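Below is one structure; the comments refer to it alone.
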Amino acid sequence: EEAWRLLSTALGEEHPDTFQALNSYGAALGSAERYEAAIPVFERALEGYKKTLGAAHPRIGTAALNLAEAKRRVGRLDEALAHFAEAAAVWEKTGFSGRSLALASQGEVLLEQKKPSEALLALEEGVAVCGHQACEPIDEGQTRFLFARALKAAGRPQPHVRAQAKRALEL
């Protein structure tokens, strides 16, 4: 919080680096499991990024993902889904491989909501992202594992489920 205040004074409240510090403050609140307090911080950072960086900047995806996760943690799942989708869309425009993480998170929420067919769509896309560009191994592993869970929940054949789960464990 202090870093955000100092940057606000030094650079101005509407500077992208000030919003970066604000986003980091929100992340610290989230790490402390203070999700309700983190939500307005992430909302402010996200709106600030949109004003200062335009519509397609990787930082917008990061703030949207952080906001989605905080909303997910407090049970605001439909709102979380919208922000996970926003992060995925921004990262698709910018070519950022973190898109697989946003899609995996979206799929996980849909599984929590007992919507395996919708989860499959997001997770299959997340797996495809990692097939076309380098993803962090942990992101790809999580995406493949969730894809296997969605396949099972949707009643797909066991060999396909096992193959995806095995691939996830290999990462």
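The values are calculated or read from the model by the stated rules, or taken from the named source; none is laboratory data. The structure presented is a predicted model; accordingly, all values stated were derived computationally and were not measured. Here the Cβ positions follow ideal geometry from the backbone for every residue, glycine too, while neighbour counts run over all protein chains shown. Ligands, DNA and RNA are stripped out before the accessible areas are found, and what is left, the full protein with its side chains, is counted by its heavy atoms. Shrake-Rupley method; radii C 1.70, N 1.55, O 1.52, S 1.80 Å.
Data for the structure
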| quantity | calculated |
| --- | --- |
| Positive dipole terminus of region 1-102, leading residue within Ala85, Ser24, Leu11 (C-beta point charges) | Ala85 |
| Pairs beyond 27 Å (Cα-Cα), from Lys51/Lys114; Lys51/Lys115; Lys50/Lys71 | Lys51/Lys114; Lys51/Lys115 |
| Sum of side-chain charges, Lys71 neighbourhood, beta-carbon under 11 Å (Lys, Arg +1; Asp, Glu -1) | -2 |
| Probe 1.4 Å, accessible area per residue of region 21-171, Å² | 48 |
| Net charge of neighbours whose Cβ lies under 10 Å from the Cβ of Leu151, counting Lys and Arg as +1 and Asp and Glu as -1 | +3 |
| Whether region 74-171 is rounded, prolate or oblate, judged on the alpha carbon gyration tensor where a/c under 1.5 counts as rounded | oblate |
| Relative packing of peptides 39-48, 3-12, 101-110 - highest average C-beta neighbours within 10 Å first | 101-110, 39-48, 3-12 |
| Å³ per residue enclosed by the Cα convex hull of the chain | 105 |
| Hz values of 3J(HN,Hα) by residue in region 35-46 - Karplus curve (6.51, -1.76, 1.60), Gly and Pro given as x | 5, 4, 6, 6, 4, x, 5, 5, 4, 5, 5, 4 |
| Per-residue HN-Hα couplings for region 121-128 [Karplus 6.51, -1.76, 1.60; θ = phi - 60°; Hz; x = Gly/Pro] | 4, 5, 6, 4, 5, x, 5, 5 |
| Prolate/oblate/rounded call for region 119-162, Cα gyration tensor, a/c under 1.5 rounded | prolate |
